Amino acid sequence: MKGKFITFEGIDGTGKSTQIQMLAERLQNLGYQVIVTREPGGTRVAERVREIVLDAQLPLSARSEALLFMASRSEHVEKIIRPALLAGKVVLCDRFCDSTFVYQGLHCDVEMLRKLNFIATEGLMPDVTVVLDGDPEMLLQRRTVRGVQDRFENKGLEFQKQLRQGFLALAKEEPERIKVVDGMASREDVAVAIASCLKIS
């Protein structure tokens, strides 16, 4: 039995981690086997790559970032995601290829990134991608409470606005796969909207 691969995307502060955990619990209560993972990360090697790419003190070009993300993703897919899917499990992943297309796509050729991603994943794509959308200025206030976390959150409001437009543009290109959900609602309402998108009762 083939599993289901669901990814969560969006700008910082939209509550992806919270919604992933809520969805995982909901699916487990319905009898599904669920794997929760994240990018970059998921394996020992990929977590080490995560430390590098998110370290605000390390200078990295967009191309170097992209290649590191692809190496991490290759490891992640081979050792965690694909085996879980082949075992019939539901995989919930906090970020995947769409983040690469949006973040690194601001400074790299997106078609090049898509080709590299195809190589890294051997063609694996999410079955459904949920983009949690929200107003960048309001979300910046949320993040200010917890402090700046990494090199991407450190790039400021205009950067977040660009990212938001990037995710919305991808959703318009692939409306069957990518579903946009208002991440500014209460977490309970957001969870209900996500379940509706995924056709979960």
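Could I get the Rg over Rh figure for the stretch 1-93? Both from C-alpha atoms, Rh via Kirkwood, rounded to two places. Intermediate values should be presented prior to the final figure.
Working: Rg = 14.5 Å, Rh = 14.3 Å.
Reported Rg/Rh, Kirkwood definition of Rh: 1.02.
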* Would you mind checking which residues have amide H under 5 Å from residue 124's amide H? H placed 1.01 Å from N; only 5 or more apart, or other chain. => none
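Just the number, please: Stokes-Einstein D of the chain in µm²/s, Kirkwood Rh from C-alpha pairs, 37 °C, 0.692 mPa s. Each step should come with its number before you reach the end.
On the way: Rh = 17.1 Å.
Using the Kirkwood radius from Cα pairs, D works out to 191 µm²/s.
Give the carbon-plus-sulfur fraction of the accessible surface of the stretch 1-121 in %, rounded to a whole number; probe 1.4 Å, heavy atoms of protein chains only. All intermediate terms of the calculation are to be shown ahead of the outcome.
On the way: 3140 of 5830 Å².
Carbon and sulfur: 54 percent of the exposed surface of the stretch 1-121.
May I ask you to derive the relative contact order of the chain, considering only C-alpha pairs under 8 Å and at least 6 residues apart, and to give it as an integer percent? Could the numbers behind the result be given before it?
On the way: 300 pairs, mean separation 65.3, N = 201.
Reported relative contact order: 32 percent.
Write down the accessible area per residue of the stretch 1-109 in Å², having rolled a 1.4 Å probe over the full set of protein chains.
Details: 5070 Å² over 109 residues.
Per residue, the stretch 1-109 has an accessible area of 47 Å².
Please give me the summed charge of the neighbours of residue 6: other residues whose Cβ is under 15 Å from its Cβ, Lys and Arg +1, Asp and Glu -1. Write down the numbers at each step before the final one.
On the way: positive: 2, 4, 16, 26, 38, 82, 89, 95, 177, 179, 199; negative: 9, 25, 39, 94, 98, 127, 174, 176.
So the environment of residue 6 carries a net charge of +3.
What's the local net charge at residue 41, with K and R +1, D and E -1, over the other residues with C-beta under 12 Å away? Mind dumping the intermediate values first?
Numbers: positive: 38, 44, 48, 50, 73, 79, 95; negative: 39, 47, 51, 75, 94.
With Lys, Arg at +1 and Asp, Glu at -1, the net is +2.
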* Structure fact -> Cα-Cα longer than 24 Å, checked against 79/172; 2/172; 79/179; 16/161; 16/179, kept in input order, equals 79/172; 2/172; 79/179
* Could you work out the helix-only [θ] at 222 nm for the chain, with each DSSP H run of four or more residues adding -39,500 (n - 2.57) and the total divided by the number of residues, to the nearest 500 deg cm²/dmol? -> -15500 deg cm²/dmol
* Exposure of residue 178 as accessible area (Å², to 10), given a probe of 1.4 Å and all protein chains -> 10
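The values are calculated or read from the model by the stated rules, or taken from the named source; none is laboratory data. Quick caveat, the model's predicted, so the values are computed rather than measured. Cβ sites come from the backbone with ideal geometry, for glycine too, and all protein chains shown count toward neighbours. The area values use the complete protein model at the heavy-atom level, side chains included, leaving out ligands, DNA and RNA. Shrake-Rupley method; radii C 1.70, N 1.55, O 1.52, S 1.80 Å.
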